[in-house]
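S.K.: Starting off with a structure, shown below.
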Amino acid sequence: MREISYKSPLYIQLREVIRSKIEEEEEYLPGTAIPSENQLMETYGLNRVSVRSALAALEFEGLLKSVQGKGVFVAGPKAKRNMDTLGGFHNTMRQSGGNTATRILSKTLRQAGPYYARLLEISPESTIWFIRRVENTAGEPVALEELYIPYSVVPGLEDVDIKLFSIYDIYQWNGIALGEGHQTLRITRLPPMLAKHMDVPPEQAVMEFSRSYVRNDKAEFVVHFRHTNP
(Lines give C-alpha, C1' and ligand atoms only; values in the text may rest on other atoms or scores of the structure.)
Protein backbone atom coordinates (compact mmCIF):
# COMPACT_ATOMS: atom_id res chain seq x y z
CA MET A 1 0.00 0.00 0.00
CA ARG A 2 1.21 3.52 -0.75
CA GLU A 3 2.34 5.74 2.13
CA ILE A 4 -0.77 7.21 3.78
CA SER A 5 -1.74 8.20 7.32
CA TYR A 6 -4.87 8.75 9.31
CA LYS A 7 -4.50 12.44 8.41
CA SER A 8 -4.91 11.67 4.70
CA PRO A 9 -8.29 12.52 3.16
CA LEU A 10 -10.77 9.70 3.62
CA TYR A 11 -11.18 9.08 -0.10
CA ILE A 12 -7.41 8.62 -0.43
CA GLN A 13 -7.41 6.10 2.41
CA LEU A 14 -10.21 4.15 0.75
CA ARG A 15 -8.49 4.41 -2.63
CA GLU A 16 -5.39 2.75 -1.21
CA VAL A 17 -7.40 0.06 0.60
CA ILE A 18 -9.06 -0.91 -2.68
CA ARG A 19 -5.74 -0.72 -4.53
CA SER A 20 -4.22 -3.08 -2.00
CA LYS A 21 -7.07 -5.56 -2.40
CA ILE A 22 -6.43 -5.53 -6.15
CA GLU A 23 -2.63 -5.46 -6.36
CA GLU A 24 -1.38 -7.08 -3.15
CA GLU A 25 -4.07 -9.16 -1.48
CA GLU A 26 -5.66 -10.23 -4.78
CA GLU A 27 -9.05 -10.18 -3.10
CA TYR A 28 -10.57 -8.30 -6.04
CA LEU A 29 -9.63 -10.28 -9.14
CA PRO A 30 -9.48 -8.95 -12.73
CA GLY A 31 -12.83 -8.97 -14.48
CA THR A 32 -14.88 -9.25 -11.28
CA ALA A 33 -17.08 -6.63 -9.65
CA ILE A 34 -16.00 -4.89 -6.46
CA PRO A 35 -18.54 -4.13 -3.69
CA SER A 36 -21.17 -1.53 -4.53
CA GLU A 37 -21.01 2.08 -3.38
CA ASN A 38 -23.55 1.35 -0.64
CA GLN A 39 -21.55 -1.66 0.57
CA LEU A 40 -18.32 0.35 0.65
CA MET A 41 -20.07 3.18 2.54
CA GLU A 42 -21.38 0.73 5.15
CA THR A 43 -18.12 -1.21 5.47
CA TYR A 44 -15.85 1.80 5.91
CA GLY A 45 -18.27 4.32 7.42
CA LEU A 46 -17.80 6.84 4.63
CA ASN A 47 -20.17 9.12 2.78
CA ARG A 48 -21.01 8.69 -0.91
CA VAL A 49 -18.79 11.58 -2.02
CA SER A 50 -15.68 9.98 -0.52
CA VAL A 51 -16.50 6.57 -2.00
CA ARG A 52 -17.14 7.98 -5.46
CA SER A 53 -13.96 10.06 -5.33
CA ALA A 54 -11.91 6.97 -4.48
CA LEU A 55 -13.47 4.92 -7.27
CA ALA A 56 -13.10 7.74 -9.79
CA ALA A 57 -9.39 8.07 -8.97
CA LEU A 58 -8.79 4.34 -9.49
CA GLU A 59 -10.82 4.37 -12.70
CA PHE A 60 -8.70 7.27 -13.97
CA GLU A 61 -5.60 5.16 -13.29
CA GLY A 62 -7.10 2.27 -15.26
CA LEU A 63 -7.46 -0.13 -12.31
CA LEU A 64 -11.25 -0.03 -12.32
CA LYS A 65 -13.90 0.08 -15.02
CA SER A 66 -17.35 1.52 -14.31
CA VAL A 67 -20.30 0.20 -16.31
CA GLN A 68 -23.64 1.97 -15.93
CA GLY A 69 -26.30 -0.28 -14.50
CA LYS A 70 -23.83 -3.10 -13.76
CA GLY A 71 -21.30 -1.81 -11.25
CA VAL A 72 -17.56 -1.27 -11.01
CA PHE A 73 -15.16 -3.95 -12.24
CA VAL A 74 -11.45 -4.63 -11.81
CA ALA A 75 -9.90 -3.83 -15.17
CA GLY A 76 -6.72 -5.89 -14.78
CA PRO A 77 -3.32 -5.20 -16.36
CA LYS A 78 -3.27 -3.97 -19.95
CA ALA A 79 -1.45 -5.73 -22.76
CA LYS A 80 -0.12 -4.26 -26.00
CA ARG A 81 -1.15 -6.10 -29.17
CA ASN A 82 -1.16 -5.52 -32.88
CA MET A 83 -3.11 -6.88 -35.82
CA ASP A 84 -0.44 -9.46 -36.66
CA THR A 85 -0.77 -11.25 -33.31
CA LEU A 86 -3.42 -13.58 -31.97
CA GLY A 87 -6.68 -11.83 -31.18
CA GLY A 88 -10.40 -12.31 -31.75
CA PHE A 89 -12.95 -10.02 -33.39
CA HIS A 90 -13.95 -8.43 -30.07
CA ASN A 91 -10.37 -7.49 -29.23
CA THR A 92 -9.52 -6.33 -32.74
CA MET A 93 -12.54 -4.02 -32.93
CA ARG A 94 -11.89 -2.65 -29.46
CA GLN A 95 -8.28 -1.79 -30.33
CA SER A 96 -9.34 -0.10 -33.54
CA GLY A 97 -11.73 2.16 -31.63
CA GLY A 98 -14.91 0.51 -32.93
CA ASN A 99 -18.15 1.01 -31.00
CA THR A 100 -18.80 -2.61 -30.05
CA ALA A 101 -21.22 -4.42 -27.76
CA THR A 102 -21.34 -8.10 -26.89
CA ARG A 103 -24.44 -10.28 -26.45
CA ILE A 104 -23.90 -13.64 -24.74
CA LEU A 105 -26.00 -16.43 -26.20
CA SER A 106 -24.50 -19.24 -24.11
CA LYS A 107 -21.93 -19.62 -21.33
CA THR A 108 -22.07 -23.15 -20.01
CA LEU A 109 -19.93 -25.97 -18.68
CA ARG A 110 -19.94 -29.32 -20.52
CA GLN A 111 -17.82 -32.40 -21.04
CA ALA A 112 -15.19 -32.11 -23.72
CA GLY A 113 -16.16 -35.30 -25.54
CA PRO A 114 -13.86 -37.07 -28.02
CA TYR A 115 -13.71 -34.30 -30.65
CA TYR A 116 -12.79 -31.36 -28.42
CA ALA A 117 -10.66 -33.57 -26.19
CA ARG A 118 -8.48 -34.29 -29.21
CA LEU A 119 -8.28 -30.62 -30.23
CA LEU A 120 -7.56 -29.39 -26.71
CA GLU A 121 -5.34 -32.36 -25.77
CA ILE A 122 -7.38 -33.24 -22.69
CA SER A 123 -9.43 -36.26 -21.64
CA PRO A 124 -12.98 -36.63 -23.03
CA GLU A 125 -14.34 -36.46 -19.46
CA SER A 126 -12.70 -33.10 -18.78
CA THR A 127 -14.94 -30.09 -18.19
CA ILE A 128 -14.78 -27.24 -20.68
CA TRP A 129 -16.44 -23.87 -21.08
CA PHE A 130 -18.62 -23.38 -24.15
CA ILE A 131 -19.24 -19.73 -24.97
CA ARG A 132 -21.27 -18.44 -27.88
CA ARG A 133 -21.56 -14.67 -28.30
CA VAL A 134 -22.59 -12.12 -30.90
CA GLU A 135 -20.46 -9.03 -31.45
CA ASN A 136 -22.36 -5.90 -32.47
CA THR A 137 -20.85 -2.84 -34.11
CA ALA A 138 -22.83 0.41 -34.45
CA GLY A 139 -25.92 -1.46 -33.23
CA GLU A 140 -25.77 -4.25 -35.81
CA PRO A 141 -24.66 -7.89 -35.34
CA VAL A 142 -21.42 -8.41 -37.23
CA ALA A 143 -19.71 -11.53 -35.82
CA LEU A 144 -20.70 -14.68 -33.97
CA GLU A 145 -17.98 -16.36 -31.94
CA GLU A 146 -17.82 -19.81 -30.36
CA LEU A 147 -15.19 -20.53 -27.73
CA TYR A 148 -14.19 -23.86 -26.14
CA ILE A 149 -11.90 -23.47 -23.12
CA PRO A 150 -10.78 -26.13 -20.61
CA TYR A 151 -12.17 -25.30 -17.18
CA SER A 152 -8.78 -25.92 -15.58
CA VAL A 153 -7.24 -23.13 -17.67
CA VAL A 154 -9.53 -20.36 -16.35
CA PRO A 155 -11.31 -21.81 -13.29
CA GLY A 156 -12.68 -18.41 -12.19
CA LEU A 157 -14.38 -17.62 -15.49
CA GLU A 158 -17.86 -17.97 -13.98
CA ASP A 159 -17.24 -14.73 -12.01
CA VAL A 160 -16.01 -12.68 -15.01
CA ASP A 161 -18.40 -10.65 -17.14
CA ILE A 162 -17.27 -11.67 -20.64
CA LYS A 163 -19.40 -8.94 -22.19
CA LEU A 164 -16.97 -6.40 -20.76
CA PHE A 165 -13.61 -8.14 -21.12
CA SER A 166 -12.06 -10.04 -24.01
CA ILE A 167 -10.99 -13.66 -23.61
CA TYR A 168 -7.42 -12.56 -24.34
CA ASP A 169 -7.54 -10.24 -21.31
CA ILE A 170 -8.72 -13.17 -19.21
CA TYR A 171 -5.93 -15.39 -20.52
CA GLN A 172 -3.38 -12.75 -19.58
CA TRP A 173 -4.79 -12.35 -16.06
CA ASN A 174 -4.36 -16.10 -15.58
CA GLY A 175 -0.73 -15.99 -16.74
CA ILE A 176 -1.44 -17.63 -20.11
CA ALA A 177 0.70 -16.52 -23.04
CA LEU A 178 -0.64 -17.62 -26.42
CA GLY A 179 2.37 -18.65 -28.48
CA GLU A 180 0.78 -20.21 -31.55
CA GLY A 181 -2.60 -20.35 -33.22
CA HIS A 182 -4.13 -22.23 -36.14
CA GLN A 183 -6.79 -20.34 -38.05
CA THR A 184 -8.79 -21.09 -41.17
CA LEU A 185 -10.93 -18.89 -43.37
CA ARG A 186 -13.69 -20.19 -45.61
CA ILE A 187 -17.09 -19.24 -47.00
CA THR A 188 -20.04 -21.08 -45.48
CA ARG A 189 -23.71 -20.70 -44.50
CA LEU A 190 -25.19 -20.55 -41.04
CA PRO A 191 -27.84 -22.85 -39.57
CA PRO A 192 -31.20 -21.00 -39.39
CA MET A 193 -30.98 -20.43 -35.63
CA LEU A 194 -27.55 -18.79 -35.85
CA ALA A 195 -28.54 -16.83 -38.97
CA LYS A 196 -31.37 -15.31 -36.94
CA HIS A 197 -28.94 -14.13 -34.28
CA MET A 198 -26.81 -12.54 -37.01
CA ASP A 199 -29.85 -10.90 -38.63
CA VAL A 200 -29.13 -12.44 -42.03
CA PRO A 201 -31.10 -14.89 -44.19
CA PRO A 202 -29.88 -18.52 -43.95
CA GLU A 203 -28.88 -18.50 -47.62
CA GLN A 204 -26.47 -15.57 -47.17
CA ALA A 205 -22.81 -16.53 -47.23
CA VAL A 206 -20.64 -15.73 -44.23
CA MET A 207 -16.91 -16.03 -43.58
CA GLU A 208 -15.96 -18.71 -41.07
CA PHE A 209 -12.73 -17.71 -39.34
CA SER A 210 -11.59 -19.82 -36.41
CA ARG A 211 -15.22 -20.68 -35.57
CA SER A 212 -16.11 -16.97 -35.79
CA TYR A 213 -18.90 -16.11 -38.22
CA VAL A 214 -18.62 -12.62 -39.69
CA ARG A 215 -21.13 -10.95 -41.99
CA ASN A 216 -19.48 -10.44 -45.36
CA ASP A 217 -21.45 -7.23 -45.92
CA LYS A 218 -20.24 -5.67 -42.67
CA ALA A 219 -16.55 -6.52 -42.39
CA GLU A 220 -13.40 -7.25 -44.30
CA PHE A 221 -10.13 -8.94 -43.35
CA VAL A 222 -6.63 -7.74 -44.05
CA VAL A 223 -4.28 -10.73 -44.26
CA HIS A 224 -0.50 -10.41 -44.25
CA PHE A 225 1.46 -13.06 -46.14
CA ARG A 226 5.18 -13.71 -45.89
CA HIS A 227 7.12 -15.52 -48.60
CA THR A 228 9.43 -18.28 -47.43
CA ASN A 229 11.86 -20.23 -49.55
CA PRO A 230 10.95 -23.91 -49.99
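The values are calculated or read from the model by the stated rules, or taken from the named source; none is laboratory data. What you see is a predicted model; the values in this text were computed from it and never measured. With ideal geometry, Cβ positions are generated from the backbone for all residues, glycine too; neighbour counts draw on all protein chains shown. These accessible areas exclude ligands, DNA and RNA; they are computed on the full protein's heavy atoms, side chains included. Shrake-Rupley method; radii C 1.70, N 1.55, O 1.52, S 1.80 Å.
S.K.: Looking at the structure I just gave you, is ASP161 under 30 Å from PHE73 (Cα atoms) and assigned to a helix (DSSP H, G or I)? Outline the logic, then answer.
M.R.: Values: under 30 Å from PHE73 (Cα atoms): yes; assigned to a helix (DSSP H, G or I): no.
It is false that ASP161 is under 30 Å from PHE73 (Cα atoms) and assigned to a helix (DSSP H, G or I).
S.K.: Sort out which residues of the range 124-137 are over 9 Å from PRO150 (Cα atoms), in contact with a helix residue (DSSP H, G or I) (Cβ under 7 Å, 6 or more places away or on another chain) and open to solvent by less than 50 Å² (accessible area, probe 1.4 Å), and write them in order of number.
M.R.: VAL134, GLU135, THR137 - these are the residues of the range 124-137 that are over 9 Å from PRO150 (Cα atoms), in contact with a helix residue (DSSP H, G or I) (Cβ under 7 Å, 6 or more places away or on another chain) and open to solvent by less than 50 Å² (accessible area, probe 1.4 Å).
S.K.: Also, I was wondering about something else. Out of SER166, SER212, I need the residue that is buried (at least 17 other Cβ atoms within 10 Å of the Cβ) and modelled with pLDDT under 75. Which one?
M.R.: Unique residue meeting the criteria: SER212.
S.K.: Of the numbered conditions (1) closer than 19 Å to ILE162 by Cα; (2) touching a residue at least 24 places away in the same chain (Cβ under 8 Å); (3) touching an Asp or Glu at 6+ places or on another chain (Cβ under 8 Å), LEU55 fails exactly one; give the number of that condition.
M.R.: Result: LEU55 passes all but (1).
S.K.: Next up: Any residue that is within 17 Å of ASP169 (Cβ to Cβ), within 19 Å of the chain's Cα centre (by Cα) and assigned to a helix (DSSP H, G or I) - is there at least one of those in the range 17-26?
M.R.: yes
S.K.: Tell me whether the range 40-56 contains one or more residues that are of a type outside the set (Gly, Ala, Ser), at pLDDT 85 or above and in contact with a Gly (Cβ under 9 Å, 6 or more places away or on another chain).
M.R.: Among the residues of the range 40-56, not one is of a type outside the set (Gly, Ala, Ser), at pLDDT 85 or above and in contact with a Gly (Cβ under 9 Å, 6 or more places away or on another chain), which makes the answer no.
S.K.: Name the single residue that is least open to solvent (accessible area, probe 1.4 Å) among those in the range 42-63 being under 28 Å from TRP173 (Cα atoms) and not in a helix (DSSP H, G or I).
M.R.: It comes out as GLY62.
S.K.: With the checklist (1) open to solvent by less than 50 Å² (accessible area, probe 1.4 Å); (2) in a helix (DSSP H, G or I); (3) modelled with pLDDT under 85 in hand, flag the one item VAL142 doesn't pass.
M.R.: (2)
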